[in-house]
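Below is one structure, written out as structure tokens, with a few remarks after it.
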Amino acid sequence: MPYSVMPMSHQGDAHTSPAAVSAVGLRKSYGDKTVLDGIDLRIPAGSVFALLGPNGAGKTTAVNILSTLISADGGQAQVAGHDVATAPDEVRAAIGVTGQFSAVDGLITGEENMLLMADLHHLSKREGRRVTADLLERFDLVDAAKKPASTYSGGMKRRLDIAMTLVGDPRIIFLDEPTTGLDPRSRHTMWQIVRELVSGGTTVFLTTQYLEEADHLADRIAVLNGGELVAQGSAEELKRLVPGGHVRLRFSDPVAYGQAANALRETTRDDQALTLHIPSGGSQRELRAILDRLDTAGVEADELSVHTPDLDDVFFALTEGTDQPKEAVR
């Protein structure tokens with residue numbers, strides 16, 4: 001695979017912060033199908049980490065291992081400083097998990113769902129009611145608290161689901177595709193909730209197929225494909241892995257357009273639209289060099305724009321050859 005690169009410029013900051021989640025050589029197979037093929041992770045405390053990958057890439061399997069729901073076949077993992085294999089109870093006490101499918105019981109009210117979770121965390125009746133009231137207010141569910149959860153919209157159910165996850169005051173939260181099926185407004189509300197959690201010191205491990213979501217929220221992103229982590233880094237680092245960045249110049253004067261084409265190197269011309277595309281990574285130095293050549297030629301473009309690859313480009317480049325249809329990756 002041509003883009004199987006692990007950007008390293010983030011590693012200095014990551015290793016100076018305590019790790020909320022770490023894994024070395026994590027492996028998992030089902031029969032003859034290898035789902036995780038020796039992956040390594042290190043997620044600093046108080047950050048958002050996004051795991052991307054096609055359906056069936058192993059994202060949920062990784063979450064299930066790290067949250068002690070299933071065991072790994074090989075490798076080691078620590079969550080909140082505890083080994084997931086030898087100290088699962090300590091791990092569970094430090095984490096919250098919101099899966100792809102809501103854990104909300106639609107037959108009881110939102111408040112009753114919260115109180116049930118408080119009982120499961122062995123909170124006293126008084127403390128359970130206090131925590132429930134605080135979280136219902138925080139997630140804007142007070143007006144709906146006495147109504148059956150079956151009457152809630154998809155966004156309300158997801159907010160209630162995460163509120164239930166927070167009853168135990170977890171330091172690390174696993175959100176497995178938390179906004180799948182939500183409308184854009186509800187999705188943005190969830191993004192704000194994630195930002196507020198992290199600002200309070202919580203670590204968020206997010207799996208998603210919404211690439212915009214990872215771009216907006218994640219401090220670091222990893223792409224999982226064929227059981228392997230094929231790239232890790234910030235959104236900007238990953239975007240630089242993929243070629244295709246360019247500067248676009250548009251002209252209204254055909255003479256100026258021709259002069260610019262002669263003055264600049266490695267341009268792609270569109271003679272009908274009077275536009276030039278110049279390969280560029282978008283750096284200030286490259287942009288200045290283009291402008292200097294135009295100034296030397298005495299030419300001024302009517303419009304200049306810088307185009308860089310987005311996470312969609314990165315995702316498709318890193319996962320090419322999988323049987324995942326592009327239409328399913330949003």
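The values are calculated or read from the model by the stated rules, or taken from the named source; none is laboratory data. Just so you know, these numbers come straight off a predicted model, no measurement behind them. A quick note on method: Cβ atoms are made from the backbone with ideal geometry, for glycine too, and the neighbour counts reach across all protein chains shown.
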In segment 266-306, residue modelled with the lowest pLDDT [restricted to those that are in contact with a helix residue (DSSP H, G or I) (Cβ under 8 Å, 6 or more places away or on another chain) and within 16 Å of GLY244 (Cα to Cα)]: SER280
Mind telling me which of the residues VAL97, VAL84 ends up being free of Cβ contacts under 8 Å to residues at least 24 places away in the same chain, in contact with a Ser or Thr (Cβ under 6 Å, 6 or more places away or on another chain), in the same structural domain as THR60 (by TED's automatic domain parsing) and surrounded by 19 or more Cβ atoms within 10 Å (Cβ to Cβ)? VAL84
Name the residue, out of LEU175, LEU197, LEU182, that is in contact (Cβ under 8 Å) with a residue 60 or more places away in the chain and either over 22 Å from ALA20 (Cβ atoms) or among the hydrophobic types (A, V, I, L, M, F, W, C) (or both). LEU175
Selected residue (criterion: nearest to PRO178 (Cα to Cα)) from residues of segment 192-242 that are of a type in the set (Lys, Arg) and in contact with a Gly (Cβ under 9 Å, 6 or more places away or on another chain): ARG220
Collect the residues in segment 121-158 that are more than 30 Å from the chain's Cα centre (by Cα), exposed (fewer than 14 other Cβ atoms within 10 Å of the Cβ) and not in a loop (DSSP other than H, G, I, E, B), keeping them in residue-number order. LYS125, ARG126, GLU127, ARG130
Checking the structure you have, find out if any residue of segment 216-223 is out of contact with any strand residue (DSSP E or B) (no Cβ under 9 Å at 6 or more places or on another chain) and surrounded by fewer than 20 Cβ atoms within 10 Å (Cβ to Cβ). yes
Condition test on ALA301, is it crowded, with 16+ Cβ neighbours inside 10 Å, of a type outside the set (D, E, K, R), in contact with a strand residue (DSSP E or B) (Cβ under 6 Å, 6 or more places away or on another chain) and not in a strand (DSSP E or B)? yes
Take segment 109-120 and flag every residue that is exposed (fewer than 15 other Cβ atoms within 10 Å of the Cβ) and either in the same structural domain as LEU197 (by TED's automatic domain parsing) or within 13 Å of THR165 (Cβ to Cβ) (or both). LEU120
Among residues of segment 5-49 being among the acidic types (Asp, Glu) and not in a strand (DSSP E or B), the residue modelled with the lowest pLDDT is ASP13
I'm checking my understanding of the structure. Among residues of segment 235-290 that are charged (D, E, K, R) and assigned to a helix (DSSP H, G or I), which one is nearest to THR319 (Cα to Cα)? LYS239
